[in-house]
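J.: Right, I'll just put the structure down here and ask away after.
Read the figures in this text as sums done on the coordinates, not as results from a lab. These numbers come from a predicted model, not from an experiment. A quick note on method: Cβ atoms are made from the backbone with ideal geometry, for glycine too, and the neighbour counts reach across all protein chains shown.
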DNA sequence: ACCTGAACACCGTTCAAGT
DNA sequence: ACCTGAACACCGTTCAAGT
């Protein structure tokens, strides 16, 4: 059975995807969930808290630990996880922007989810290094480089800053592959 | 002499830097500029247009073509430009987020500024390739990889997703250097 | 051309009640 | 425990005037 809280989060997510945080008005969220315009205050301390709940949920769902499958090699597992990250960002731009936006107030849950995700990324990098498929060196730093490319490529793509035509044509996924190829030597 | 329009942009920028787009209220902007709460409408079609004016100005100021200096080698020139980009983002997070946010309405000026910036980046990459300091290949695609790292590293750093302690400690600038080192072989 | 002041439709948030 | 309805202070935007 779906609780009012779950329904509020679901409706808020729909509004977020459609028009960004500004489109998430507690009045409309309440209306769609079939409650009054300030019933949300009984479940969340305010709009920020409601948005944080969405961000924490998505950060957990999108963690590399979430969508694990068997791959031929450690590098292929890493590549698949990076591709999943980029695909998720391109598919849900507003959630992507939300998660990596400025956070104030109660960030404990978000922080925990981010830390967990980082650990999963490092694990993937270490496995690829152990298989001699990535250069040696501090895995945390190499992880940072890989996620920076995935993150940056996704954000640039979202905002139309990657060329969409001509010989320079590259999508965000291509850039991740380029980096992995360069790293493999 | 400073026009009302210039003063409005300046005050709006101050508010933006301090608290993001939500803190930029036309009422407060007008008040600080010494005019009524809707005088801004005589200079901009609305809040979006005022924010777009800030974004276009900053995009032009921050272009790699803007801060050019003589460097020992083409790679050092490229590295310096990437470092300038990252430093600017970390220094002005709200403007960085604004420029790479969702744009609706009159985006012509912004688009022109972005295209100009891309051309300047490509020039730097081509020079480094000609000096055999970067691998051959489509310069536009290599440029995309480099700017993706700079952009992504800056955004992750801004949101506290780069580790601040321990052996994995790396700031956004370090990641740019790491990529350039890997590319040089 | 540039600006003002009133007005309108919103929104987040608070509060006093209701069941 | 969960919800409602009125109310308050705000905000973007429009409009009719003013100089």
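J.: With chain B treated as a Gaussian network of Cα nodes joined by springs under 10 Å, which of B:158, B:59, B:145 yields the largest mean-square fluctuation?
T.: B:145
J.: For helix A:74-91, what angle does its Cα long axis make with the longest principal axis of chain A, in degrees from 0 to 90 and rounded to 10?
T.: It is inclined by approximately 40 degrees.
J.: Output needed for region B:92-165: three equivalent-ellipsoid semi-axes, defined as square roots of 5 times the C-alpha gyration tensor eigenvalues, in descending order, whole Å.
T.: On the way: eigenvalues 128, 88, 13 Å².
Calculated on Cα positions only, the semi-axes equal 25, 21, 8 Å.
J.: At 7 Å along the Cα-to-beta-carbon direction for both residue A:182 and residue A:76, put a label point, then send me their distance in nm to one decimal.
T.: 2.5 nm
J.: With just the Cα atoms of the protein assembly as shown, tell me how far they stretch along each of the three principal axes, in Å, largest first.
T.: For the protein assembly as shown, the Cα spread along each principal axis is 64, 58, 39 Å.
J.: Any idea what angle helix A:139-158 forms with the longest principal axis of chain A, computed on alpha-carbon atoms, 0 to 90 degrees, nearest 10?
T.: Once rounded, the angle reads 60 degrees.
J.: Note down the relative contact order for region B:1-96 as a percent, whole number, built from C-alpha pairs under 8 angstrom at least six residues apart.
T.: Numbers: 68 pairs, mean separation 25.8, N = 96.
Once divided by the residue count of region B:1-96, the mean separation gives 27 percent.
J.: OK, next. How far apart are the residue B:137 label points across copies, placing each 7 Å from Cα toward Cβ, in nm, shortest first?
T.: Result, one decimal in nm: 1.6.
J.: Suppose you put the label 7 Å out from Cα in the Cβ direction; list, shortest first and in nm with one decimal, how far residue B:102 is from each other copy's label.
T.: Between copies, matching label points for residue B:102 lie 1.9 nm apart.
J.: Could you name the residue in chain A with the C-beta closest to the rotation axis that superposes chain A on chain B, along with the separation in whole Å?
T.: A:152, 1
J.: What is the distance, in nm, between label points placed 7 Å from the Cα along the Cα-to-Cβ direction at residue B:138 and at residue B:102?
T.: Inter-label distance under the simple model: 2.9 nm.
J.: Across every pair of different alpha-carbon atoms, what Kirkwood hydrodynamic radius in Å does region B:1-59 reach? Present the calculation step by step, with values, prior to reporting the outcome.
T.: Values: mean 1/r = 0.0904 Å⁻¹.
Across region B:1-59, the inverse of the average 1/r is 11.1 Å.
J.: Next question. Viscosity 0.890 mPa s, temperature 25 °C: what is the translational diffusion coefficient of region A:77-134 from Stokes-Einstein with a Kirkwood Rh over Cα pairs, rounded to a whole number of µm²/s?
T.: Values: Rh = 13.1 Å.
The calculation lands on 187 µm²/s.
J.: Shortest first, in nm, what separates the label point of residue A:6 from those of the same position in the other copies (7 Å along Cα→Cβ)?
T.: Nearest to farthest, the other copies are at 6.0 nm.
J.: Where is the GNM fluctuation largest for chain A (alpha-carbon springs, 10 angstrom cutoff): A:45, A:36, A:165?
T.: Of A:45, A:36, A:165, the most mobile in the Gaussian network model is A:165.
J.: Given labels modelled 7 Å from the Cα in the Cβ direction, how far is it in nm from residue A:165 to residue B:28?
T.: Between residue A:165 and residue B:28, the label points sit 4.2 nm apart.
J.: Could you tell me how many degrees, from 0 to 90 and to the nearest 10, lie between the Cα long axis of helix A:172-184 and the main elongation axis, the longest principal axis, of the Cα atoms of chain A?
T.: 30 degrees
J.: Restricting things to alpha carbons, find the Rg to Rh ratio for chain A using the Kirkwood radius for Rh. Don't skip to the answer; put the middle values down first.
T.: Values: Rg = 18.8 Å, Rh = 18.0 Å.
Here Rg/Rh amounts to 1.04.
J.: For chain A, set up a GNM with springs between Cα atoms under 10 Å and report which of A:154, A:72, A:52 has the largest fluctuation.
T.: A:72
J.: What 222 nm value per residue comes from the helices of chain A, counting each DSSP H run with n ≥ 4 as -39,500 (n - 2.57) and dividing by all residues, nearest 500 deg cm²/dmol?
T.: Numbers: 8 runs with 120 residues, N = 185.
Using -39500 (n - 2.57) per qualifying helix, the result is -21000 deg cm²/dmol.
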